[in-house]
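Visitor: Before I ask anything, let me first share the structure, which is written out below as structure tokens.
The numbers here are math on the coordinates, done by the rules we state, and not lab data. A quick note: this is a predicted structure, and the numbers were derived from the prediction, not measured. Every residue, glycine as well, gets a Cβ built from its backbone with ideal geometry; the counts of neighbours run over all protein chains shown.
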Amino acid sequence: MSKFLEYCKIAFFNIKSNKVRAFLTMLGIIIGISSVVAIVSLGSGFKKAIDKELSNLAGNTLEVYSMGDTDFDDSDLEALMKKDKHILGVTPVITLGGEAAYKDMPSYSAEIKIGNELMDQASKYDLIYGRYFTKEEYEHKEKVCIITKSSARKLFGHEDVVGMTVDLFYGNNKRGGTFRIIGVRDDNSSQMADLIMGSGSYDVKAECPFPSFIDAIGLSGYNIGYYDLVIILDDAKNASDVLSHVRAILEARHDIRGESQILVIDYNAIFQTISASLTLVTLLIMLVAGISLFVGGIGVMNIMLVSVTERTREIGIRKALGARTGSVLTQFLVEAASISLLGGVIGIILGLAGAEFICFLISNLTTSTLVADFNPFFILGIALFSMSIGVFFGIYPARKAAKLSPIEALRRR
């Protein structure tokens, strides 16, 4: 142990004696390690955020869109419920663009979603305050609604607004009415979710019972079809089987064929595809960053060969005084490993700082929030890996130094 510590002291003395050369040697290691750490930390954080968002979107639901002229109706909902045991419920979801206002305050653009009492199960986000509307409120056309917490802050200045009222309007002539807020739900937590859900451009988001809002805008009694259905499943693992069954049922009922007419979306499948793609992209970027590590390793080997040449007489004297071949070999391996480890530590620090800085920029320049994911075991592994690069690329120079004949070494000047 005392010998190893002595080797370390000599190694760091030599690094300190040649600071500029040592730093330039480390540069490739620093760039490679910092790149890998930053990429993996950001990639892992981004992947976790996307995984969370997409898992919220997925859940145990399928979504069915009518892409052509065909609209769905209540008989389609009943048929789906009867013909597939894995379907727990179906709710139509009609998304309307309108306005929302509180009393005489300025109005805001609003996305208004209307459906039946199963919207609580179809919802992708948790309630923060209150509840969703019930079957009784749906059947009795109660003017109730659920809004998002950001909508509550925009309209009222705070989030807990259960029991307050909001005016919801549809169309240019502002048809609508006053609705009592019975629940406040969480927001889409990222721009990606807004993009997927198609709701990024609205200031206020609200959900209402279908008949009460239709009645409020003066369309009660009209035969209004549905172009969007959300199907609640007993288990997400049955999504693939139910998807094909739902398509077959609706195509048979409406005598239509193909995705140009009916589109059935399984968000779980999309989630798995995106997750796998993100993993692949991260690995490819790491591979590119790994090239700089290889170049850095060659730099370590090159500088150690120079060191062997410069210290030939030192090696000769040590061997003449009885130093064994293994001792000289270990000394040069420790020096190579020390250079790489020091470069790796600097690279890790720069990589972590760079990842945090990028997260800071994203948070301040966009409405999204990204948190870098730092795995301590990964950081430790990277440090050991950087040291192993020095050992690997230092083997040849170390063996060359160890094999020097003391007579030949002392003869050189």
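Visitor: To the nearest 10 degrees, how steeply does helix 2-17 sit against the main Cα axis of the chain, on a 0 to 90 scale?
Guide: Helix 2-17 sits at roughly 80 degrees to that axis.
Visitor: Quick one: compute the contact order of the chain, relative version, from alpha carbon pairs under 8 angstrom and 6+ residues apart, as a percent.
Guide: About 29 percent, as a whole number.
Visitor: Any idea what log10 I(q)/I(0) is at q = 0.08, 0.09, 0.11, 0.12 Å⁻¹ for the chain, Debye with uniform C-alpha scatterers and no solvent?
Guide: The computed values of log10 I(q)/I(0) come out as -0.63, -0.70, -0.86, -0.96.
Visitor: While we're on this one: Given the options 302, 238, 18, which has the most mean-square fluctuation in a GNM of the chain, springs set between C-alpha atoms less than 10 angstrom apart?
Guide: The residue with the greatest mean-square fluctuation here is 18.
Visitor: Need one number: % antiparallel among DSSP beta bridges in the stretch 59-266, to the nearest 5.
Guide: Bridges in the stretch 59-266 that DSSP calls antiparallel: roughly 75 percent.
Visitor: Based on the mean of other Cβ atoms within 10 Å per residue, sort peptides 279-288, 245-254 so the most packed one is first.
Guide: The most tightly packed comes first, giving 245-254, 279-288.
Visitor: Please list, in chain and number order, the residues 5+ apart from residue 183 or on another chain whose amide H is under 5 Å from its amide H, with Hs placed from the backbone.
Guide: Those qualifying (amide H under 5 Å, at least 5 residues apart or on another chain) are 131, 145, 147.
Visitor: Cα axis of helix 19-58 to longest principal axis of the chain: angle in degrees, 0 to 90, nearest 10?
Guide: Helix 19-58 sits at roughly 20 degrees to that axis.
Visitor: Continuing with this model, one more query. Taking 0.36 nm per residue of separation and subtracting the Cα-Cα distance, what length does fully extending residue 6 through residue 396 add?
Guide: 138.2 nm
Visitor: Cross-link list 47/149; 83/149; 52/113; 82/237; 82/135: which exceed 28 angstrom alpha carbon to alpha carbon?
Guide: 83/149
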